[in-house]
Amino acid sequence: MDIVEINNVTKTFGKYVAVDDLLLTVPRGCVYGFIGPNGSGKTTTMRMIMNIIYPDSGTIRVFGEQLKKSSTDRIGYMPEERGLYKKMKIRELLQFYGELKGGKNVNSSVDLWLKKLDLSGWANNKVESLSKGMSQKVQFIATVVSNPELIILDEPFSGLDPVNADTIKDAVLELQAQGTTVIFSTHDMNVAEKMCDFIFMIFKGKKVLDGTLASIQDIYGSDIIRIRTDDGSRACLDLKGVEKINDFGNIQELRMTPNCDPQEILSAIMSKTRVRSFDIVKPSLHDIFIRIAGTEAKETTHA
Amino acid sequence: MRKILRLTKREFIASVKTKGFIIALLLAPLFMGGSFIVMAITKDKVDTKDKKVVIVDRSGALANVLIESANQRNSKEIYDQKTGKKIKPAYLFETVTPSKKPEAQRLELSDRVRNDSLYAFVEIGQNMVHPEKNDSRITYYAKNAAMDDIRRWIEWPINDRLRTLRLKDAGIDASAVKDLFVWVSAEGMGLVSVDTGTGAVKEAKRANEAEAVLVPIIMLMLMFMMIQIGAMPLLNSVMEEKTQRIAEVLLGSITPFEFMMGKVLGGVGVSLTAAAVYVIGGVFTINRMGYGEYVPYYILPWFFAYMLLAITMFGALFTALGSACNDPRDAQSFAMPAMLLVLIPMFLITPILRQPQGSFSILSSFFPPFTPFIMLIRQSMPGGVPIWQPWIGVLGMIVFTVLFVWGGGRIFRIGILSQGETPKLGNILRWAVRG
């Protein structure tokens, strides 16, 4: 059963089309990754699922029924920019957020999550005394403390050190194992590849990718040569049939033009230098992302 | 409703638990009544240093009476009879012969006052008994003559002697007309009414300034303070929650209207708490001081009714404006026009106190944002207002409160998620009308 169904939803802000005729379904119990450059429509889509903003046209259904006010009690939402009352004590804050959602056994849930994320000792401290990483963990607990069936996390890993990022990742996967559906947005393609059952990419308000990682990669085929040579990237220059070189220092990834024979490329390189390893692989999500949004993403980042 | 009340609870606790609230609760009455307190404390702090005053008496008939009266005062009034402690300065008058060059004499005496060898000097004209002639003035020269006690004091013995001299000139025996100069004042009384219990005519109450002015001003100040405590902070509070992204988290759980109402009701709770502390504390203190009869108990239910509606009405306005702000500067610029609705009634206090039943007072008390102030002043004054007027006032306030909450909710829904350029007041009004 699909837990979220977005049907032909469009949302504009003045003349700017934030989400354009979006069609998306999220199956229950999965981890769904939203990717896309900044300003592509990820947050707008999430806010519409949360009923914070309303679509101009189209419909959104959650839990098998039309989205309504009470639906959001069953959804946990963590916005991209964290919002915590600085003067509140952590336990009181979490109880408050849990009770706003109408959560049951909020107190025991708060204790459980504080312990799980190593924050028990901070329960009676004020939020303003926390580091950024700890604040983010508190925000995560505030999202899940009411035991929602669906959680929506906007950039949950941004700004976290690897230890805290792992803690949140483990918590997300544990929730999924217990049957919770998770939607999260990320700019970290490695995380999306490793954690998500489904990946959805939105670009300029339009859906450009949607499916499992394998199905997305299948669209692009095995057009990448991953090679390691004694001469590094120099050996890969001016090769016929190669449209792009991605240099990682020790290894290089070469994107082949369509209908190109990898054997010819290998021969050309071997004529120049000694080849240590040679693989033909599918493009990574990172590579696919760049192929779709490369120029625009750069512009957005520099803007 | 459950969510509104949960947010209300948080708002209330967050406000009343702060040191700022407790300090404001204690200090506000001190600031408001500061001058009264200072006056009470400094009442007995009188300069008891003797005051030496020179008399230049051109009439030749009045210096002696001043010296005699001062001697009497110095022997009877300047020492506390129980403790023998000096509580007032002695007035030490001495005469000098009037000079033929009065200006030079005045300059010389002024210099003595300047170098503190003299406190002041009095110049009495030549023709004091019949002032229609020239040179019939009394002039008092001192460093601060306008606020001087001695200047006021010398008027009594001089005028008393002048009356006697004038009667003598007219050939009238002063002892035969000793009531001639008894001044009779008109006493201010309230209106006479019938005692509903006994049916007898009740004696009218004596009107006094405390009841006529002090009670309405205290009620007005209390209402102003409650709006300052309960409604005003909502503008900044919403602006902060918006800029710190708390609003977005909350909107994931509650609707914008629930959000706004939770904030407003929190403000109502805060001001109810503060008002209860002030009213209970004030009534207790006034009764202990023996002025219990001046407590306008009949006004208190109206005060609380007006306050509840006013905080809701202004609270909705301030939260709505707060939602449109993107930084503290916006909050500052939006606060001023909104505060005018609260400040204008404060500026109108003098004409309202002078003519509480005038058509301007009546009409302005029916304008809902002004009702909690102006109607309250009019009700607090002796004579009160016709019973239908406060009810119409409350009805108008209810209509305006519903309107403000409805419009405020529409503004809040758009404003709380708006980013970028700060909207102008015209845009905000458009949000309220068009949604």
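Give A:GLY249, A:GLY241, A:GLY232 a once-over and let me know the one that is within 21 Å of A:ILE288 (Cα to Cα), surrounded by fewer than 18 Cβ atoms within 10 Å (Cβ to Cβ) and in contact with a Gly (Cβ under 8 Å, 6 or more places away or on another chain). Can you show your working first?
Numbers: A:GLY241 fails: in contact with a Gly (Cβ under 8 Å, 6 or more places away or on another chain); A:GLY232 fails: within 21 Å of A:ILE288 (Cα to Cα).
The unique qualifying residue is A:GLY249.
Under 7 Å between Cβ atoms, at least 6 apart or on separate chains: pull out the pairs that start in region A:162-177 with a residue that is in the same structural domain as A:LEU117 (by TED's automatic domain parsing) and under 15 Å from A:CYS30 (Cα atoms) and end on any residue that is among the hydrophobic types (A, V, I, L, M, F, W, C) and assigned to a helix (DSSP H, G or I).
Short answer, once both residue conditions are applied: A:LYS169/A:MET195; A:ALA171/A:PHE140; A:LEU175/A:VAL144.
Name the single residue that is farthest from the chain's Cα centre (by Cα) among those in region A:120-153 being modelled with pLDDT under 90 and within 20 Å of A:ASN190 (Cβ to Cβ).
Out of the qualifying residues, it is A:GLY133.
Listed here are the residues, each with its yes/no results for (1) free of Cβ contacts under 8 Å to residues at least 60 places away in the same chain; (2) in the same structural domain as B:MET239 (by TED's automatic domain parsing); (3) assigned to a helix (DSSP H, G or I).
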| position | (1), (2), (3) |
| --- | --- |
| B:VAL385 | yes, yes, no |
| B:LEU395 | yes, yes, yes |
| B:VAL399 | yes, yes, yes |
| B:ARG413 | no, yes, yes |
| B:LEU417 | no, yes, no |
| B:GLY420 | no, yes, no |
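Just for region B:1-25: of the residues that are farther than 14 Å from B:LYS263 by Cα, in contact (Cβ under 8 Å) with a residue 24 or more places away in the chain and aliphatic (A, V, I, L, M), which one is nearest to the other protein chains (Cβ to nearest Cβ)?
Step one: of region B:1-25, the residues farther than 14 Å from B:LYS263 by Cα are B:17-25.
Within this subset, residues satisfying the condition of being in contact (Cβ under 8 Å) with a residue 24 or more places away in the chain are B:21, B:24-25.
Narrowing the set further to residues that are aliphatic (A, V, I, L, M) leaves B:24-25.
Details: B:ALA24: 16, B:LEU25: 18 Å.
The selected residue is B:ALA24.
Out of region A:104-117, which residues are surrounded by 20 or more Cβ atoms within 10 Å (Cβ to Cβ) and either modelled with pLDDT under 85 or within 14 Å of chain B (Cβ to nearest Cβ) (or both)?
Of everything in region A:104-117, just one residue is surrounded by 20 or more Cβ atoms within 10 Å (Cβ to Cβ) and either modelled with pLDDT under 85 or within 14 Å of chain B (Cβ to nearest Cβ) (or both), namely A:VAL106.
Looking at B:ARG354, B:ARG329 in this structure, which one is away from every other protein chain (no Cβ under 14 Å), without any contact (Cβ under 8 Å) to a residue 40 or more places away in the chain and closer than 30 Å to A:SER135 by Cα?
On the way: B:ARG354 fails: closer than 30 Å to A:SER135 by Cα.
Among B:ARG354, B:ARG329, only B:ARG329 is away from every other protein chain (no Cβ under 14 Å), without any contact (Cβ under 8 Å) to a residue 40 or more places away in the chain and closer than 30 Å to A:SER135 by Cα.
Inspect all residues belonging to region B:117-132 and state whether any of them is in a loop (DSSP other than H, G, I, E, B) and more than 24 Å from B:TRP156 (Cα to Cα). Explain how you work it out, then say what you get.
As a first pass, look at region B:117-132 and keep what is in a loop (DSSP other than H, G, I, E, B): B:117-119, B:125-132.
Adding the requirement that they be more than 24 Å from B:TRP156 (Cα to Cα) leaves B:117.
Checked against the condition, which is being in a loop (DSSP other than H, G, I, E, B) and more than 24 Å from B:TRP156 (Cα to Cα), region B:117-132 yields at least one hit.
Residue by residue, here is whether (1) in contact with a strand residue (DSSP E or B) (Cβ under 9 Å, 6 or more places away or on another chain); (2) surrounded by 21 or more Cβ atoms within 10 Å (Cβ to Cβ); (3) assigned by TED's automatic domain parsing to the domain that holds A:PHE140 holds:
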{"position": "A:GLY33", "(1), (2), (3)": "yes, yes, yes"}
{"position": "A:PRO37", "(1), (2), (3)": "yes, yes, yes"}
{"position": "A:GLY41", "(1), (2), (3)": "yes, yes, yes"}
{"position": "A:ASN51", "(1), (2), (3)": "yes, no, yes"}
{"position": "A:ASP56", "(1), (2), (3)": "yes, no, yes"}
{"position": "A:THR59", "(1), (2), (3)": "yes, no, yes"}
{"position": "A:GLU65", "(1), (2), (3)": "no, no, yes"}
{"position": "A:SER70", "(1), (2), (3)": "no, no, yes"}
{"position": "A:ARG74", "(1), (2), (3)": "yes, no, yes"}
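Only one of these conditions is not met by B:LEU66: (1) of a type outside the set (S, T, N, Q); (2) modelled with pLDDT of 90 or more; (3) loosely packed, with under 10 Cβ neighbours inside 10 Å; (4) not in a loop (DSSP other than H, G, I, E, B). Which number is it?
(3)
Residues being under 15 Å from A:THR143 (Cβ atoms), among the small types (Gly, Ala, Ser) and under 14 Å from the mean Cα position of the chain (by Cα): count how many of those fall in region A:160-196.
Adding up the residues that qualify gives 1.
Taking the residues in region A:174-206 that are touching a helix residue (DSSP H, G or I) at 6+ places or on another chain (Cβ under 7 Å) and assigned to a helix (DSSP H, G or I) as candidates, determine which candidate is surrounded by the fewest Cβ atoms within 10 Å (Cβ to Cβ).
Restricting to residues being touching a helix residue (DSSP H, G or I) at 6+ places or on another chain (Cβ under 7 Å) and assigned to a helix (DSSP H, G or I), the top hit is A:GLU193.
Restricting the search to region A:75-88, which residues are out of contact with any Ser or Thr (no Cβ under 6 Å at 6 or more places or on another chain) and modelled with pLDDT of 90 or more?
A:ILE75, A:TYR77
Look through B:PHE334, B:PHE318 and report the one residue that is at pLDDT 85 or above, out of contact with any strand residue (DSSP E or B) (no Cβ under 7 Å at 6 or more places or on another chain) and either at negative phi or assigned by TED's automatic domain parsing to the domain that holds B:GLY266 (or both). Talk me through it step by step, then tell me what you get.
Details: B:PHE334 fails: at pLDDT 85 or above.
Only one candidate qualifies: B:PHE318.
Could you please find all residues in region B:219-234 being surrounded by 20 or more Cβ atoms within 10 Å (Cβ to Cβ) and more than 20 Å from B:ALA331 (Cβ to Cβ)?
Scanning region B:219-234 gives B:MET219, B:LEU220, B:LEU222, B:MET223, B:MET225, B:MET226.
Keeping to region A:138-170, report how many residues are in a loop (DSSP other than H, G, I, E, B) and within 11 Å of another protein chain (Cβ to nearest Cβ). Explain how you work it out, then say what you get.
Of region A:138-170, the ones in a loop (DSSP other than H, G, I, E, B) are A:145-149, A:155-161.
Within this subset, residues satisfying the condition of being within 11 Å of another protein chain (Cβ to nearest Cβ) are A:146, A:148.
Counting residues in region A:138-170 that are in a loop (DSSP other than H, G, I, E, B) and within 11 Å of another protein chain (Cβ to nearest Cβ) gives 2.
Could you say whether any residue in region B:271-282 is within 14 Å of another protein chain (Cβ to nearest Cβ) and either surrounded by fewer than 16 Cβ atoms within 10 Å (Cβ to Cβ) or among the aromatic types (Phe, Trp, Tyr) (or both)?
no
Regarding region A:211-225, can at least one residue be identified that is under 30 Å from A:ALA18 (Cα atoms), of a type outside the set (Gly, Ala, Ser) and outside any helix (DSSP H, G or I)? So that I can check it myself, show each step before the final result.
Step one: filter region A:211-225 for residues under 30 Å from A:ALA18 (Cα atoms), giving A:211-220.
Those still in the list that are of a type outside the set (Gly, Ala, Ser) too: A:212-213, A:216-220.
Among the residues that remain, those that are also outside any helix (DSSP H, G or I) are: A:212.
Looking through region A:211-225, at least one residue is under 30 Å from A:ALA18 (Cα atoms), of a type outside the set (Gly, Ala, Ser) and outside any helix (DSSP H, G or I).
Restricting to region A:1-24, name every residue that is closer than 12 Å to A:ASP56 by Cβ and either not in a strand (DSSP E or B) or not assigned by TED's automatic domain parsing to the domain that holds A:GLY211 (or both).
Residue satisfying the conditions is A:GLY14 alone.
What helices (runs of 4 or more DSSP H), lying completely within region B:184-267, carry at least 2 residues that are within 14 Å of chain A (Cβ to nearest Cβ)? Before the answer, list the steps.
Details: elements: B:215-230, B:233-243, B:246-251.
Answer list for region B:184-267: B:233-243, B:246-251.
Residues in region A:118-129 that are within 14 Å of chain B (Cβ to nearest Cβ) and surrounded by 14 or more Cβ atoms within 10 Å (Cβ to Cβ): how many?
Step one: list which residues in region A:118-129 are within 14 Å of chain B (Cβ to nearest Cβ), which gives A:126-128.
With surrounded by 14 or more Cβ atoms within 10 Å (Cβ to Cβ) added as a condition, the list becomes A:126-127.
The qualifying residues number 2.
The values are calculated or read from the model by the stated rules, or taken from the named source; none is laboratory data. Bear in mind that the values here come from a model prediction, so they are computed numbers and not experimental data. Cβ: placed from backbone, ideal geometry, glycine included. Neighbour counts: every protein chain shown.
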